[in-house]
Amino acid sequence: MDLAYRNNLWAACAATRSHYTDDGFIDFRSWLVSRGKEVYMNALNDPDTLADIDIPEGSADFEKYGYVACYAYAKK
């Protein structure tokens, strides 16, 4: 997720009308990671590739995905 902390991806996040805040951008990056390696790497190389994905307005977030490791650790 740290690699995706970039201005051009923040602009892509804003273009999806999902978030405009720091916390919202974290949720957007969680969503981006959850899409898989190909989507993630393509977006890092060229954020415009996200235009090829059907993203309903305001839905490019996945807050709970950011807590998966914490939940798994707590269960263990």
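Listed values, structure above:
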{"read-out": "Pick from region 36-54, criterion without any contact (Cβ under 8 Å) to a residue 12 or more places away in the chain and open to solvent by less than 70 Å² (accessible area, probe 1.4 Å), ranking: nearest to residue 23 (Cα to Cα)", "value": "36"}
{"read-out": "Output for region 15-45, where each listed residue is over 23 Å from residue 69 (Cβ atoms) and touching a helix residue (DSSP H, G or I) at 6+ places or on another chain (Cβ under 9 Å)", "value": "15, 16, 20, 42"}
{"read-out": "Extreme residue, farthest from residue 63 (Cα to Cα), among residues of region 1-29 that are open to solvent by 20 Å² or more (accessible area, probe 1.4 Å) and of a type in the set (Lys, Arg)", "value": "6"}
{"read-out": "Subset of region 55-76 [farther than 18 Å from residue 19 by Cβ and either loosely packed, with under 11 Cβ neighbours inside 10 Å or of a type in the set (D, E, K, R) (or both)]", "value": "69, 70, 71, 72, 73, 74, 75, 76"}
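The values are calculated or read from the model by the stated rules, or taken from the named source; none is laboratory data. As the structure is a computational prediction, the values presented were derived from the model and not from experiment. Neighbour counts are summed over all protein chains in view; Cβ atoms, including those assigned to glycine, are modelled from backbone coordinates with ideal geometry. Just the protein is used for accessible areas: all its heavy atoms, side chains included, with ligands, DNA and RNA removed. Shrake-Rupley method; radii C 1.70, N 1.55, O 1.52, S 1.80 Å.
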